[in-house]
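A.B. asks: Dropping the structure in here first, questions after.
What follows is calculated from the coordinates using simple rules that are stated; it is not laboratory data. The model shown is predicted, which means the values in this text are computed figures rather than measured ones. FYI the Cβ positions are ideal-geometry reconstructions off the backbone, even for glycines, and counts take in every protein chain you see.
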Amino acid sequence: MAIQDIKTYNFQDVFSLQLVQFEKACVVNKPTQIDDYKIFWIKDGEGTYNIDFKSYSFNGSVLFFLSPGQVFTVDSEKIKEAYQLSFTRDFYCIQTHDAEISCNGLLFNNVYETPFVIPTQRDIRKLDFILENLVEEFNAEETAQYEMLQSFLKQFIIYSVRIKKEHSEIKEDTETKLFKDFSLLVEQNFKKLHSVTDYANRLAISPKSLTKHFQKIGSETPSDFIKNRIITEAKRQLLYSSEAIKQIAFDLGFNDPAYFSRFFTKGTGFSPAQFKKQYKG
């Protein structure tokens, strides 16, 4: 979200709510790496955001969910009313939650799905009610304020998950379960395991069968899936790590930095050095 005059409510630097009301076009070309978990609710506006180097355009009301490490850029935005909820892992993620509303659930820490939800007018009224309670609690400074604020944040996330499930096609068939299992394995191991065979073996399935399952749900190939996750992390590190390109290559499981450079160039059209120069200037 572009920097403007914003009314902010803070709680011990672990949870904040920002309210924005303006109508101004702006462009922020410099990528920013997200430090905390963030929910951007554009209640009324339009624009184009880049999240992990993918472009998302919106017009009307939309909720974006960002996790630490993701790269965020504003191409353009014209916002009349918006809110930002920001919280640390310690404030919410260390609690035991239902899998769907956790920090590894449907909304956060999922680089493989579109990171936004579009609410209806009925949804907007319910989200408004939760935010009104949040503002009231921020101002109250009463007993057990931490627990109350955490509770309202959880309500906001729960209702956002319900919106996503109601308005999105979330299948629970065999292919979808396999895709989720595969994506989780990739997320946990992509820095050291690069081949489809490595993951197929762990899933007790042949590489050929795994590819066929992906075809059934219209997904990219398992090989491209792994490659794209490595490239996304490479882009993040090239922009926000102080490590040399050679060290980034080693960190991502490449024994030969020259091979890493060829891998990155083939996937992006830029060498690692060119990509770094283009975005960092």
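A.B. asks: For F138, what charge total do you get from the other residues with a beta carbon under 12 Å from its beta carbon, if Lys and Arg give +1 and Asp and Glu give -1?
C.D. replies: In short, -4.
A.B. asks: What share of Cα pairs, in percent, lie more than 36 angstrom apart in the chain?
C.D. replies: Distances greater than 36 Å cover 21 percent of the Cα pairs.
A.B. asks: Give me I130, I118 sorted ascending by neighbouring Cβ count inside 10 Å, so fewest comes first.
C.D. replies: Placing the least packed residue first, the sequence is I118, I130.
A.B. asks: A further question on this structure: Taking only C-alpha pairs under 8 Å that are 6+ residues apart, what is the relative contact order of the range 174-280 in percent?
C.D. replies: Rounded, it is 23 percent for the range 174-280.
A.B. asks: Under the rule of -39500 (n - 2.57) per DSSP H run of 4 or more residues, summed and divided by the residues of the chain, what mean residue ellipticity at 222 nm is obtained, to the nearest 500 deg cm²/dmol?
C.D. replies: Using -39500 (n - 2.57) per qualifying helix, the result is -14000 deg cm²/dmol.
A.B. asks: While we're on this one: Hey, in the GNM for the chain with a 10 angstrom Cα cutoff, which one of S76, S195, S67 fluctuates hardest?
C.D. replies: Among S76, S195, S67, the largest mean-square fluctuation in the Gaussian network model of the chain belongs to S195.
A.B. asks: Using a 7 Å offset from the Cα along the Cα-to-Cβ direction at both D35 and A204, what is the distance between the two label points in nm, to one decimal?
C.D. replies: Using points 7 Å along Cα→Cβ, the separation is 4.5 nm.
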